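**Student:** First the structure, which I've put down as structure tokens, then a few questions once you've had a look.
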Amino acid sequence: MAEVNLRGVRKAYGAVEVLRGIDTDVEDGEFVALVGPSGCGKSTLLRMIAGLEDISQGEIRIDGRLVNNVPPKQRDVAMVFQNYALYPHMTVARNMGFSLKLAGKKQAEIDQRVAYAAGILDLAHLLDRYPRQLSGGQRQRVAMGRAIVRDPQVFLFDEPLSNLDAKLRVQMRAEIKALHQRLRTTTVYVTHDQVEAMTMADKIVVMRDGSVEQAGAPLDLYDRPQNMFVAGFIGSPSMNFIEGRIKDGGFSAACGIVAPANGPGVDTGRENVVLGIRPEHLLLDPSGVEATVTVIEQTGSETFLLLDVAGQRITYLGRDRIAIKPGETVRILPDPGRLHFFDGESGRRLDARADTSLPLPSPAPSAGRGGSPHKPQPGEEPAPRRKAGLGRVAAGMLFAVGIRSDGYRPELHYMRGSGPASARARAEAEAH
């Protein structure tokens, strides 16, 4: 195991700069996910760590050793590629042990390491098969086994699950995470799927246009995104963004949505402000603004509503099943304790509320989140507030500092799965 340190790393193809000064660290034994949209430079950065791409500027260190000009086979890293890159004429056992054979290891040692990796990945009964006789998930495990037998300092994964179906992706996510917890090998994992990153990584590095937008623990990025790009990229479904203004400690939008905004940085009059509210942080409340249901999606465990609020498109996510049809109306209210405010011009976060990342009590059954709008009687307070014995003003003040009367914890609900030239070929083979 080893640390990976990147300092001012840049990559340019002629006049086109694809990486613009990357600075980040991967601690010993840490699982770090590089995420971002296609073309952001995450795979290029991974290939630079592996030695498959030259570095235009900056430093890459592995275990304290500068590796800018070190060939791939001498970096002590192992890479798992998106397309598996298995040799079709070799059995599973020969595929897994081929890099050791190239390294001049004795056959007894090769057999021992292959058997060890096969035991970890449940491949022992498949060692005599050829790749064409394996399923997609089994091929991916063989590619992982080929990396494990090398016992490298660093594992590098380049979107290894993108070719698998949704169900198999969920299964392989769990297997890769369990593998890391068992081996504790430093891992850098590239993906465009933020759900993979949230469920697997110790730290996430969000990239856009060759730069790092934000890096931190998954829940830190979920709870306190530093700009609108991170806020919209992390979380599924994406965060709702509502343009408006702040005046006298309150946010108001043209569509009629209002919310308290009395925290540091937004306690004075501001124009061109964007309110961010996650779909799971919207409440169905008789006192909320009226919204017309345009699309409803029932997954069994969750209900997705696509709403129209005076021309503003809003997505709602609830845990309860709702007896409602497109064209009908509901009333929605942003949870005052889960608001995010951003500057409309720069997209940067405004410090609008206290940190809500501290643990809260376990959620109690209530109608507060995803509750049916038909349950409360007209003029009756929703169950959580009535149970807490709080008036609207007092409840709003507690929400503003991150205290929920119903004890709801969003972090318990964020994890939802659905979801060359010959010279280069030789270099990739050396990194297997």
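Derivation of every value follows stated rules applied to the coordinates shown; laboratory data play no part. What you see is a predicted model, and the numbers here were worked out from it, not measured in a lab. A quick note on method: Cβ atoms are made from the backbone with ideal geometry, for glycine too, and the neighbour counts reach across all protein chains shown.
**Student:** Quick check: residue separation of Ala217 and Lys101 times 0.36 nm, minus the Cα distance between them. What number comes out in nm? Let's see the in-between values first.
**Tutor:** Details: separation 116, 0.36 × 116 = 41.76 nm, distance 3.91 nm.
Computed gain between Ala217 and Lys101 is 37.8 nm.
**Student:** Under 15 Å from the Cβ of Gln133, count the other residues' Cβ atoms, weight Lys and Arg +1, Asp and Glu -1, and hand me the total. If you can, show how the numbers build up before the last one.
**Tutor:** Working: positive: Arg94, Arg129, Arg132, Arg139, Arg141; negative: Asp128.
Overall, the nearby charge balance is +4.
**Student:** Report the Cα centroid-to-centroid distance between region 276-343 and region 148-226 in angstrom, as an integer.
**Tutor:** 30
**Student:** Could you give the length gained by full extension between Glu27 and Thr292, i.e. 0.36 nm per residue of separation minus their alpha carbon distance, to one decimal place? Present the calculation step by step, with values, prior to reporting the outcome.
**Tutor:** Values: separation 265, 0.36 × 265 = 95.40 nm, distance 4.85 nm.
Stretched fully, the Glu27-Thr292 segment lengthens by 90.6 nm.
**Student:** Still on this structure: Can you check what the net charge comes to around Gln171, using other residues whose Cβ is under 13 Å from the Cβ of Gln171 (Lys, Arg +1; Asp, Glu -1)?
**Tutor:** On the way: positive: Arg141, Lys167, Arg169, Arg173, Lys177; negative: Asp122, Asp165, Glu175, Glu196.
Within the 13 Å Cβ shell, the charges total +1.
**Student:** Of Ala166, Leu221, Pro72, whose Cα points farthest to the positive end of the dipole of region 4-228 (charges on the beta-carbon: +1 Lys, Arg; -1 Asp, Glu; origin at the Cα centre)?
**Tutor:** After comparing all options, I get Pro72.
**Student:** Going by how many other Cβ atoms sit within 10 Å of their own, how do Val70, Val188 line up, fewest first?
**Tutor:** Numbers: Val70 14, Val188 26.
Exposure proxy ranking, most exposed first: Val70, Val188.
**Student:** Set the Förster distance to 22 Å, then compute FRET efficiency between Ser238 and Asp209 from the Cβ-Cβ distance, nearest 0.05. Please list the in-between numbers first.
**Tutor:** Details: r = 19 Å, r/R0 = 0.85.
E between Ser238 and Asp209, to the nearest 0.05, is 0.70.
**Student:** Another question, then. Going by C-beta contacts inside 10 Å, put Glu280, Glu109 in order with the fewest on the left. Spell out each step's value before the answer.
**Tutor:** On the way: Glu280 24, Glu109 13.
In increasing order of surrounding Cβ atoms, one gets Glu109, Glu280.
**Student:** OK, next. Would you please name the trypsin sites (Lys or Arg not before Pro) within region 1-92 that are DSSP coil residues with at most 16 other C-beta atoms within 10 Å of their C-beta?
**Tutor:** Working: sites: Arg7, Arg10, Lys11, Arg20, Lys42, Arg47, Arg61, Arg65, Lys73, Arg75; in loops: Arg75.
In loop regions of region 1-92 (DSSP not H, G, I, E or B), there are no sparsely surrounded trypsin sites (Lys or Arg not before Pro).
**Student:** So how do Leu275, Leu66, Leu284 line up by other beta-carbon neighbours within 10 Å, fewest first? Could the numbers behind the result be given before it?
**Tutor:** Details: Leu275 24, Leu66 11, Leu284 27.
Placing the least packed residue first, the sequence is Leu66, Leu275, Leu284.
**Student:** Where does the charge balance sit around Val35 when Lys and Arg score +1, Asp and Glu -1, over other residues with C-beta under 12 Å from its C-beta? Show your work: numbers first, answer last.
**Tutor:** Numbers: positive: Lys42, Lys203, Arg208; negative: Glu159, Asp193, Glu196, Glu213.
Net of charged neighbours comes to -1.
**Student:** Still on this structure, I have one more. With unit charges on the beta carbon (Lys/Arg positive, Asp/Glu negative), name the residue among Gly58, Gln140, Val26 whose Cα is farthest towards the positive pole of the charge dipole of region 4-228.
**Tutor:** Gln140
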